[in-house]
1. Looking only at region 38-63, filter to residues that are part of a loop (DSSP other than H, G, I, E, B) and at negative phi; which one of those is most open to solvent (accessible area, probe 1.4 Å)?
2. Taking region 64-85 as the region of interest, how many residues are more than 16 Å from Ala14 (Cβ to Cβ) and either open to solvent by 40 Å² or more (accessible area, probe 1.4 Å) or in a helix (DSSP H, G or I) (or both)?
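The values are calculated or read from the model by the stated rules, or taken from the named source; none is laboratory data. Computed from a predicted structure; not experimentally measured. Here the Cβ positions follow ideal geometry from the backbone for every residue, glycine too, while neighbour counts run over all protein chains shown. Each accessible area value is taken on the protein alone, full model and side chains, heavy atoms only, with ligands, DNA and RNA left out. Shrake-Rupley method; radii C 1.70, N 1.55, O 1.52, S 1.80 Å.
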Amino acid sequence: MTELTTQTAQPTAAELVDWLRDRVAAQTGRPAEEIAADVPLNDYGLDSVYVFGLCAEIEDQYGIEVEPTVMWDNTSLAPLAEALLTLIAAR
């Protein structure tokens, strides 16, 4: 599992995708290696309730405010990571 040790660290896109992949794997019970960065999260059975929970985890980990619409607009890990990097850089 990829964990950044501080909220002030600026992750790379790859680190952020790995961190998100670990969260999706934990939620779905799948190995992280099976979670593809370009597959829509709803293909893994994740719903809106999960989106709110993941938003809270992202906020806690990176010290940013994440609106659920960010996740609905970026439905797979790769574009979601890019959108989050913008928010993290602006904090």
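1. Quick first cut of region 38-63, residues part of a loop (DSSP other than H, G, I, E, B) only: 38-40, 45-47, 63.
After this cut, where a residue has to be at negative phi as well, the list is 38-40, 46-47.
On the way: Asp38: 119, Val39: 39, Pro40: 45, Leu46: 24, Asp47: 85 Å².
So, considering only residues that are part of a loop (DSSP other than H, G, I, E, B) and at negative phi, the one most open to solvent (accessible area, probe 1.4 Å) is Asp38.
2. Going through region 64-85 one residue at a time, the tally reaches 9.
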